[in-house]
Amino acid sequence: MKQLGHVCELVRYPVKSMAGTAIESAFLGWHGLDGDRRFAFRRLGDDSGSPWLTASRLPELILYHPLGLDERTGEPLPTHIRTPAGSHFELRSEELESEIAERYGSGVELMKLKHGIFDEASVSVISRATLAGIGRGAGVDLDSRRFRANILLETHNPEPFEEDGWVGGRLVFGGSEPRPAVSVTARDVRCMMITLDPDTGTRDPAGAEDRRAAEREPRGRVWNGRTDRHNPCWPTRELGFGQGSSSVSTYLTPLGLGGSNMP
């Protein structure tokens, strides 16, 4: 296996399109990180296959912060939400539902899905090198929060877009058994979310130029950012990060080339 680098940040997004929560460790299973994107607000009256209210329709959603911890279901789930105005509401309260419905201009309903609410795959990964590369093209210093990845990597290779070479392979985390792993399934074409300032919820020139820089990537692909999505391929394992000897190393094993006994 080829050693790639180490994990430098883990983030869980308990409620779809709301702010993320930085964490020191998480269990990685068939449905992504435990507690990730388990809740979403449904647009009432929308019978489409994707009725979820997201920041593409209500940008202020990214300013709502999940708080608290309820582990009675076996997963770390939030109990309250801090609103942009600083108020604290219970996650399942009518007050929160009413506030979001008023901002959106139409009725909404909180939904909980046991296996999460994902647009594509259940885990997202991006490297700092790729973020820096997109930032150079856009002429800005990018905030990693714009890309809403679950796992941020510090790779040994300083060149951006190394993730291209991981597609079709496996990322294996840690240096001792049992090691969590994901199958790298595809590049993720990011949406307008990366144009939103994570501190204000407004679309800004930096974000717009970020998208344009991604589209100018010399291989002619449209990235809309550059987060690589991955599907878990190993039963639940704990994933963490730290400094010095406790850092979690990251490895790649190409599928079909051996070096791993994982199913």
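Set the Förster distance to 35 Å, then compute FRET efficiency between residue 103 and residue 24 from the Cβ-Cβ distance, nearest 0.05.
Once rounded, the FRET efficiency stands at 0.60.
Residue 73 to residue 154: extension gain in nm, 0.36 nm per residue of separation minus the Cα-Cα distance?
25.9 nm is the gain from fully extending residue 73 to residue 154.
So, with +1 on the Cβ of K and R and -1 on the Cβ of D and E, and no other charges, what is the size of the charge dipole of region 70-208 about its Cα centre, to the nearest 20 debye?
That gives region 70-208 a dipole magnitude of about 320 debye.
Give me the distance in nm between label points sitting 7 Å out from Cα along the Cα-to-Cβ direction at residue 112 and residue 46, one decimal.
Between residue 112 and residue 46, the simple spin-label model gives 2.2 nm.
So if each residue of separation counts as 0.36 nm, and I subtract the Cα-Cα distance between residue 141 and residue 176, what length gain in nm does that give?
9.0 nm
For a test of the definition: using alpha carbon positions, the gyration tensor, and the 1.5 limit on a/c, classify region 8-153 as rounded, prolate or oblate.
prolate
List the GluC sites (Glu not before Pro) within region 145-205 that fall in a DSSP loop (any state other than H, G, I, E or B) and whose Cβ has at most 10 other Cβ atoms within 10 Å.
none
Would you work out which of 89, 105, 150 lies farthest towards the positive end of the dipole of region 78-157? Charges go on Cβ: Lys and Arg +1, Asp and Glu -1.
Going by the Cα projections, it comes out as 150.
Given charges of +1 on the Cβ of Lys and Arg and -1 on the Cβ of Asp and Glu, with all other atoms neutral, how large is the dipole of region 1-41 about its Cα centre, in debye to the nearest 20?
That gives a dipole near 160 debye.
Between residue 200 and residue 132, what length comes free when the chain is fully extended (0.36 nm per residue of separation minus the Cα-Cα distance, one decimal in nm)?
Going from the current span to full extension adds 22.3 nm.
Can you sort 52, 166 from fewest to most other Cβ atoms within 10 Å of each residue's own Cβ?
Fewest to most other Cβ atoms nearby, the residues stand as 52, 166.
Read the figures in this text as sums done on the coordinates, not as results from a lab. The model shown is predicted, which means the values in this text are computed figures rather than measured ones. Every residue, glycine among them, receives a Cβ derived from its backbone with ideal geometry; neighbour counts consider all protein chains shown.
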